[in-house]
Amino acid sequence: GVVITGPNTGGKTVALKTVGLLSMMAQAGLHVPAERFRFPMTDRILCDIGDGQSISENLSTFSAHLTNIIEILGKASEDSLVLLDELGSGTDPAEGMGIAVAVLEELRQRNCLFLVTTHYPEVKDYAARSGGIVNARMAFDQESLSPLYRLEIGEAGESCALSIAKRLGFPAHL
């Protein structure tokens, strides 16, 4: 498994979608636009990406994500690829972090292939100390506060929320 961290607007979700799309292309026998690649065949690609909130179905951002994750856990096997965006978000950070770690541990125990994005430092720490999981970060130009859309395996990234807020015009006195 890979836990991807880094700034908002840094390309974490783009990385998830790219892996999902290219995996599906490879499994369908389509040309993958890459110089080198290796994709395992999976029994299914399961994902929770985006915000599925719905007033008509009484789903908040958190409950929409959790509903998807419960369904994913019901289907995931050691031959599955699981893609989860902003795991544990949309609720109290301490509780969301606990849920995120529990989901990662379950996926790790099932020997699934998975990519997960997060901002939680506790999840980064969990990945660093758990076998079968590696941290990765999205490269980010700190000077221009621009995403570089390059995944760097081996280290966790920073969210850079204060720098990005400043660039977007968040009042300095706040």
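The values are calculated or read from the model by the stated rules, or taken from the named source; none is laboratory data. All figures in this text were calculated on a predicted structure; none of them were measured in a lab. When we count neighbours, we look across all protein chains shown, and the Cβ atoms used for this are built from the backbone with ideal geometry, even at glycine. Keep in mind that these areas ignore ligands, DNA and RNA; they rest on the heavy atoms of the full protein, side chains included. Shrake-Rupley method; radii C 1.70, N 1.55, O 1.52, S 1.80 Å.
Against the list (1) closer than 24 Å to residue 129 by Cα; (2) modelled with pLDDT under 95; (3) open to solvent by less than 10 Å² (accessible area, probe 1.4 Å), the condition residue 104 fails is (2).
Does at least one position in the range 53-74 carry a residue that is of a type outside the set (Val, Ile, Thr), under 24 Å from residue 139 (Cβ atoms) and free of Cβ contacts under 8 Å to residues at least 40 places away in the same chain? The answer is no, given that none of the residues of the range 53-74 is of a type outside the set (Val, Ile, Thr), under 24 Å from residue 139 (Cβ atoms) and free of Cβ contacts under 8 Å to residues at least 40 places away in the same chain. Checking each residue in the range 115-155 for being closer than 25 Å to residue 39 by Cβ, touching a residue at least 24 places away in the same chain (Cβ under 8 Å) and assigned to a loop (DSSP other than H, G, I, E, B) picks out 118, 130, 132, 133.
Determine whether residue 113 is open to solvent by 10 Å² or more (accessible area, probe 1.4 Å), within 19 Å of residue 42 (Cα to Cα) and among the aliphatic types (A, V, I, L, M). Answer is yes for this residue. Screening residue 42 against (1) over 16 Å from the mean Cα position of the chain (by Cα); (2) surrounded by fewer than 18 Cβ atoms within 10 Å (Cβ to Cβ); (3) at pLDDT 85 or above leaves a single unmet condition, (2).
Residues that are open to solvent by less than 20 Å² (accessible area, probe 1.4 Å) and part of a strand (DSSP E or B) do occur in the range 73-80. In the range 9-26, of all residues being touching a residue at least 24 places away in the same chain (Cβ under 8 Å) and farther than 18 Å from residue 155 by Cβ, the one that is surrounded by the fewest Cβ atoms within 10 Å (Cβ to Cβ) corresponds to 14. Looking across the range 125-174 at every residue that is surrounded by 13 or more Cβ atoms within 10 Å (Cβ to Cβ) and polar (S, T, N, Q), the one that is nearest to the chain's Cα centre (by Cα) is identified as 135. Suppose we keep only residues that are assigned to a helix (DSSP H, G or I) and in contact with a helix residue (DSSP H, G or I) (Cβ under 6 Å, 6 or more places away or on another chain) within the range 83-102. Which one would you say is nearest to residue 14 (Cα to Cα)? Applying the filter and picking the extreme gives 100. Residues in the range 1-39 that are in contact with an Asp or Glu (Cβ under 8 Å, 6 or more places away or on another chain) and closer than 16 Å to residue 80 by Cβ: 1 in all.
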